[in-house]
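Engineer: One structure, pasted below without further comment.
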Amino acid sequence: MLDRYNRKINYLRISVTDRCNLRCRYCMPEEGVEFIPHTEILRFEEIREVVEVAAGMGVDKVRLTGGEPLVRKGIVDLVEMIASIPGIKDLSMTTNGILLDAFATPLAKAGLIRVNISLDTMEPERYGWITRGGDIRKVFAGIEAAKKAGLDPIKVNCVIKDDRNEPDAVAVRDYCIENGLQVRFIKEMDLHEGTFGVVDGGSGGDCRNCNRLRLTSNGMIKPCLFSDMEFNVRTLGIQQAIEMALSKKPEKGTVNLQNCFNNIGG
Ligand code: SAM
Ligand code: SF4
């Protein structure tokens, strides 16, 4: 499908949960997070239907994210459901890797092709500080398990404060080179004001080449991460919500005033 700026839209990123087993400082507050009530979270059947309709309209690439996708109960079943939808050629996941040791093989068997794992530092203590309690050894075990399971490529998402020459970024890049992993640096966006937007001269989207729509865990199709616009698949119907998102997808992102990453899926 093409949007009104002639961009080909073939990629759907799905946030399967707003819950997470970590509390990264740049992403979620330590406590007092208001989670979406379970009744509002899309059931697997509903997610499957959205992907089926989207695939019929030209989506061939799906990424599962969150929150932490691996804390959603039955996630392997969901992967299997999506992988078997005709037209879906590429199925990937973004995860913090904490639970990947146990999940990598079942996920690969269910049809997951590749994985992005978040890792911002190589220092155990700093990792624990950034994530408010995460154990970096579990991430390394998850990466090893992903390799063994044949997930390929394995990419590492590394959030940087300023630039890729800062010590944490250099260490993560060296580790990736040594271990045959691809590294992607992501400039930290400031969510503390409760808003975030495209940052001048750097972070944010590559709007001209944007090929994606998003589905939030509570069923909103979002045409752009950097915008408040959203279309409810339950009230509008799936096809209509996707068509509206497509016709309203902005040429460039501006600012998002209400949502947070753990629902939209960064
Ligand atoms: N929990 C999974 C994970 O951490 O990989 C998936 C969801 S997480 C929201 C997706 C990506 O968004 C992660 O790579 C994370 O580092 C990134 N992210 C979260 N908050 C961010 C922020 N304030 N600025 C830039 N990237 C952010
Ligand atoms: Fe959880 Fe991922 Fe956000 Fe960290 S970045 S708090 S792991 S959703």
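The values are calculated or read from the model by the stated rules, or taken from the named source; none is laboratory data. Computed from a prediction, not measured in an experiment: that's the story for all the values here. Positions of Cβ are generated from backbone atoms using ideal geometry, with glycine treated the same way; all protein chains shown enter the neighbour counts. SASA here: full protein model, heavy atoms, side chains in, ligands and nucleic acids out. Shrake-Rupley method; radii C 1.70, N 1.55, O 1.52, S 1.80 Å.
Engineer: Only Cα pairs within less than 10 Å get springs; with that Gaussian network setup on the chain, which residue of Pro153, Pro106, Pro167 has the largest fluctuation?
Structural biologist: Between Pro153, Pro106, Pro167, it is Pro167 that shows the largest mean-square fluctuation.
Engineer: Further question: Cα centroid distance between the stretch 152-178 and the stretch 1-63, in Å?
Structural biologist: Measuring centre to centre over Cα atoms gives 25 Å.
Engineer: I'd like the Karplus ³J(HN,Hα) series for the stretch 244-254: coefficients 6.51, -1.76, 1.60, θ = phi - 60°, whole numbers in Hz, and an x wherever there's a Gly or Pro.
Structural biologist: Couplings: 5, 4, 5, 6, 9, 4, x, 5, 9, x, 10 Hz.
Engineer: Okay, next question. Between Glu34 and Asp90, what length comes free when the chain is fully extended (0.36 nm per residue of separation minus the Cα-Cα distance, one decimal in nm)?
Structural biologist: Values: separation 56, 0.36 × 56 = 20.16 nm, distance 3.24 nm.
That pair, Glu34 and Asp90, stretches by 16.9 nm at full extension.
Engineer: Moving on to the next point. Between Val159, Leu99, Leu112, whose Cα lies farthest towards the positive end of the dipole of the chain when Lys and Arg beta carbons carry +1 and Asp and Glu beta carbons carry -1, centred on the Cα centre?
Structural biologist: Working it through, the farthest residue towards the positive pole turns out to be Leu112.
Engineer: Next question. Order 179-186, 246-253, 12-19 from most to least packed using the mean count of other Cβ atoms within 10 Å.
Structural biologist: Details: 179-186: 14.2, 246-253: 16.0, 12-19: 24.5.
Sorting 179-186, 246-253, 12-19 by mean packing, highest first, produces 12-19, 246-253, 179-186.
Engineer: Let me ask another. Write down the accessible area per residue of the chain in Å², having rolled a 1.4 Å probe over the full set of protein chains.
Structural biologist: Numbers: 12560 Å² over 266 residues.
So the chain comes to 47 Å² accessible per residue, rounded to a whole number.
Engineer: So between Asp135 and Met229, what do we pick up on full extension, going 0.36 nm a residue minus the alpha carbon distance?
Structural biologist: Working: separation 94, 0.36 × 94 = 33.84 nm, distance 3.63 nm.
Taking Asp135 through Met229 to full extension adds about 30.2 nm, to one decimal.
Engineer: Still on this structure, I have one more. Simple spin-label model, 7 Å along Cα-to-Cβ: Asp174 to Arg126 in nm?
Structural biologist: Roughly 1.1 nm, to one decimal.
Engineer: Can I ask one more? Once the Cα atoms of the chain are picked out, what are the Rg and Dmax in Å?
Structural biologist: Taking only Cα atoms of the chain, I get Rg and Dmax of 17.6, 49 Å.
Engineer: Starting from the amide H of Thr121, placed 1.01 Å from N in the peptide plane, find each other amide H under 5 Å away whose residue is 5 or more places distant or on another chain.
Structural biologist: Amide H neighbours of Thr121, under 5 Å, 5+ apart: none.
Engineer: Using θ = phi - 60° and the Karplus relation 6.51 cos²θ - 1.76 cosθ + 1.60, list the HN-Hα couplings for the stretch 217-232 in order, rounded to whole Hz, with x at every Gly or Pro.
Structural biologist: Listing the rounded values in order: 5, 9, x, 9, 7, 10, x, 7, 5, 9, 6, 7, 5, 7, 10, 7 Hz.
Engineer: If you don't mind, another one. May I ask for the angle, rounded to the nearest 10°, between helix 136-149 and the longest principal axis of the chain, with both axes built from Cα atoms and the value confined to 0 to 90°?
Structural biologist: 60
Engineer: Among Thr105, Thr235, Thr121, whose mean-square fluctuation peaks in a Gaussian network model of the chain (Cα, cutoff 10 Å)?
Structural biologist: Greatest mean-square fluctuation among the candidates belongs to Thr235.
Engineer: Provide the per-residue ³J(HN,Hα) series for the stretch 63-68, in order, calculated from phi with Karplus coefficients 6.51, -1.76, 1.60 and θ = phi - 60°, each as a whole number of Hz, with x at glycine and proline positions.
Structural biologist: 10, 9, 8, x, x, 9
Engineer: Moving on. Multiply the residue separation of Ile186 and Asp77 by 0.36 nm, subtract the distance between their alpha-carbon atoms, and state the gained length in nm to one decimal. Walk me through the numbers on the way to the answer.
Structural biologist: Values: separation 109, 0.36 × 109 = 39.24 nm, distance 3.00 nm.
Between Ile186 and Asp77, full extension yields an extra 36.2 nm.
Engineer: To check you understand DSSP bridge types, tell me what percent of the beta bridges within the stretch 11-264 (both residues inside) are antiparallel, rounded to 5. Present the calculation step by step, with values, prior to reporting the outcome.
Structural biologist: Values: 6 of 33 bridges.
For the stretch 11-264, the DSSP antiparallel bridge percentage is about 20.
Engineer: Right, here's the next one. With a 1.4 Å probe and every protein chain kept in, tell me what percent of the accessible surface of the chain is carbon plus sulfur. Could you put the intermediate results ahead of the total?
Structural biologist: Values: 6240 of 12560 Å².
Heavy-atom surface of the chain belonging to carbon and sulfur, 1.4 Å probe: 50 percent.
Engineer: Ok, one more. Charges only on Cβ, +1 for Lys and Arg, -1 for Asp and Glu: so what's the dipole of the chain about the Cα centre, in debye to the nearest 20?
Structural biologist: The calculation lands at about 700 debye.
Engineer: While we're on this one: Among Thr254, Thr39, Thr95, which one moves the most in a GNM of the chain with springs linking Cα atoms closer than 10 Å?
Structural biologist: Result for the chain, Cα springs under 10 Å: Thr39 fluctuates most.
Engineer: What lysines could a cross-link reach from Lys187, if we take a straight Cα to Cα line under 27 Å and drop same-chain neighbours fewer than 8 places away?
Structural biologist: Within reach: Lys8, Lys61, Lys138, Lys147, Lys155, Lys161, Lys222, Lys248, Lys249, Lys252.
Engineer: Using helices alone, I'd like the mean residue ellipticity at 222 nm for the chain: each DSSP H run of four-plus residues gives -39500 (n - 2.57), total over residue count, nearest 500. Can you show the working numbers first?
Structural biologist: Values: 9 runs with 85 residues, N = 266.
Helix-only estimate at 222 nm: -9000 deg cm²/dmol.
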